[in-house]
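Okay, structure first, notes after.
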Amino acid sequence: MSGENQQVDASSTPDAVPGPQPGPAVPAVPAPRASRARRLAAPALYLAAAGAAFAYVGAVDPNEPGHYPVCPLLRLTGVLCPGCGGLRSAHAFAHGDLAAAFGSNALAVVGYFVFAGFMALWLVRAVRGGPAPRIVLRPASSWAVGAVVLVFAVVRNLSFGSALAP
């Protein structure tokens, strides 16, 4: 055995048994269903966080200087980003003033309603024991959403789109 590889034939060893080993049949056990409280925990936490954020913005007026930081893009360039006016919009929305909310940031208000619809769907599915909804956008849809946000950002900075500026 001077450095040569030795091959061992598996059929010649007494312990080797060819083919798969049959084992005892194990019945498939279905996964236990989570309790209703456990299914509702995640959407309830998201709703609590969103509610707390709206409560804070509703209580601390962003129209008064010094409470929130200024948008860095607006401060450096004077250009409104798509999110500019979002806090003022949330403040007006929390107080039930939809006209002022749209005037501050219409895109944010659309986002509030999309979020509310998503949360309603999630809660209904959680109560019924269904799966949590997933947001899956096709590439064309992602590009369309990006294009809407970009057009919104550009138009609100032009003279004819001043109605979209906060």
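The values are calculated or read from the model by the stated rules, or taken from the named source; none is laboratory data. Since we're looking at a predicted model, the values are computed, not measured. Methodologically, a virtual Cβ is constructed for each residue, glycine included, from the backbone with ideal geometry; neighbour enumeration extends over all protein chains shown. Please note that ligands, DNA and RNA were not included when accessible areas were found on the heavy atoms of the full protein model with its side chains. Shrake-Rupley method; radii C 1.70, N 1.55, O 1.52, S 1.80 Å.
Considering the Cα positions of the stretch 127-166, please state its Rg to one decimal place and its Dmax as a whole number of Å.
Cα-based Rg and Dmax for the stretch 127-166 come out at 16.7, 51 Å.
Taking 7 Å along the Cα-to-C-beta vector as the label spot, tell me the ASN63-ARG36 distance in nanometres, rounded to one decimal.
Between ASN63 and ARG36, the label points sit 4.3 nm apart.
So how many Å³ per residue does the convex hull of the Cα atoms of the stretch 35-153 work out to?
Values: hull volume 15.2 nm³, N = 119.
Dividing the Cα hull volume of the stretch 35-153 by its residue count gives 128 Å³.
For the stretch 26-166, what does the accessible surface come to per residue with a 1.4 Å probe? Please give it in Å². Each step should come with its number before you reach the end.
Numbers: 9510 Å² over 141 residues.
Per residue, the stretch 26-166 has 67 Å² of solvent-accessible surface.
For the stretch 54-116, what % of the accessible area comes from carbon and sulfur atoms, probe 1.4 Å? Don't skip to the answer; put the middle values down first.
Working: 2540 of 3650 Å².
Roughly 70 percent, rounded to a whole number.
Taking R0 as 30 Å, what's the FRET efficiency between PHE113 and LEU158 from their Cβ-Cβ distance, rounded to 0.05?
Details: r = 26 Å, r/R0 = 0.86.
Approximately 0.70, to the nearest 0.05.
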